[in-house]
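The values are calculated or read from the model by the stated rules, or taken from the named source; none is laboratory data. Computed from a prediction, not measured in an experiment: that's the story for all the values here. All Cβ positions, glycine included, derive from the backbone under ideal geometry; neighbour counts span all protein chains shown.
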Amino acid sequence: MLNHPPTLRTLLSPHQYCLLGAILSILLQYGCRSTPQTTFAIDRPDRHQFTTKEFVIHSDVPLRPDDPLVRQLSDVQLQLAQTLKLQPQRDPVDVFLFSDETSYRNYLKVRWPTLPVRRAYFIRTSQQLAVYSFVSSRVLEDLRHEFTHGILHASCNHVPLWLDEGLAEYFEVSNDTPGSVSSVHLEELLKAEMEGWSPDLFRLEMLSKFEDLKALDYAESWGWIHFLLHHSAATRSLILDYIAGLRDATTAPRLLQQLETAVPTYAGDLWDHVHDMDQQ
Ligand SMILES: [Zn+2]
């Protein structure tokens, strides 16, 4: 779950600088077993690089190809490419893995002094798609979300906020079974339904500031993505075509109008899908 500091959005345009949720989780035990070398506050970890075609992991300790982090990032990249039928990335995603939390926080404090404290960040600038995090027991979980942002932005010119967060939440749930139900988001949606709330893609598509996103917005974004990818061939085709169109888009078209045309019963279908997930 990520809250995106409004200040960054104001510093850079959404297209050039997409601070997608608190990214950067940190890494695993491998870093904890050896004595990590503390980095200078203004430095990013870069003594070692593990390079693939789609991403580069920068760290102060060497990573082996069978490291859980390497395997996970490879898995997530492949899952996104296959599930969403993404075209080849235009740029690699740079993942900066600090060996310790102090170095990570010091770096962010110096480089991005207005950023609230988070365990991980995805930061898009005109020069780089960067994920920042540090070694911890939760790094794999956190990186699934933030790295998803990176892959999407490496493949698409424009990614609407709701879609960005919905897909990041979708791929964050499980590395082994993409599309697994998020019990947290499902509970949020069912609770909101009991209180008379209804999903509203029109409203969701209007949101463009991270600071405006609430927990229910993340849950709703996840719910729409899960529905579109799994409900029927028509909904799946619709969302895949929509994402394909974002590759060269200068602005994101509204999905709602296309959905109303392709699946006129979408409102009831969405709730049916949510209730079906609750029965699983
Ligand atoms: Zn996010």
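Any residue at all in the stretch 113-125 that is within 11 Å of the ligand (Cβ to nearest atom), closer than 30 Å to Trp271 by Cβ and modelled with pLDDT under 95? No, that holds for no residue.
Considering only helices (runs of 4 or more DSSP H) fully contained in the stretch 195-280, which possess at least 3 residues that are of a type in the set (D, E, K, R) and at negative phi? Let's see the steps before the verdict.
Details: elements: 201-206, 215-230, 233-245, 255-262, 266-279.
Ranges flagged: 266-279.
Over 16 Å from Leu143 (Cβ atoms) and either modelled with pLDDT of 85 or more or surrounded by 15 or more Cβ atoms within 10 Å (Cβ to Cβ) (or both) - does that describe any residue in the stretch 20-31? Steps first, please.
Start the filter on the stretch 20-31 by keeping residues that are over 16 Å from Leu143 (Cβ atoms), which leaves none.
No, that holds for no residue.
Out of Glu146, Glu187, I need the residue that is farther than 22 Å from Lys53 by Cα and in a helix (DSSP H, G or I). Which one? Lay out the reasoning, then the answer.
Values: Glu146 fails: farther than 22 Å from Lys53 by Cα.
Step by step, each of Glu146, Glu187 is checked, and only Glu187 is farther than 22 Å from Lys53 by Cα and in a helix (DSSP H, G or I).
Restricting attention to the stretch 171-219, the residues that are charged (D, E, K, R), touching a residue at least 40 places away in the same chain (Cβ under 8 Å) and within 17 Å of Ala267 (Cα to Cα) total 3.
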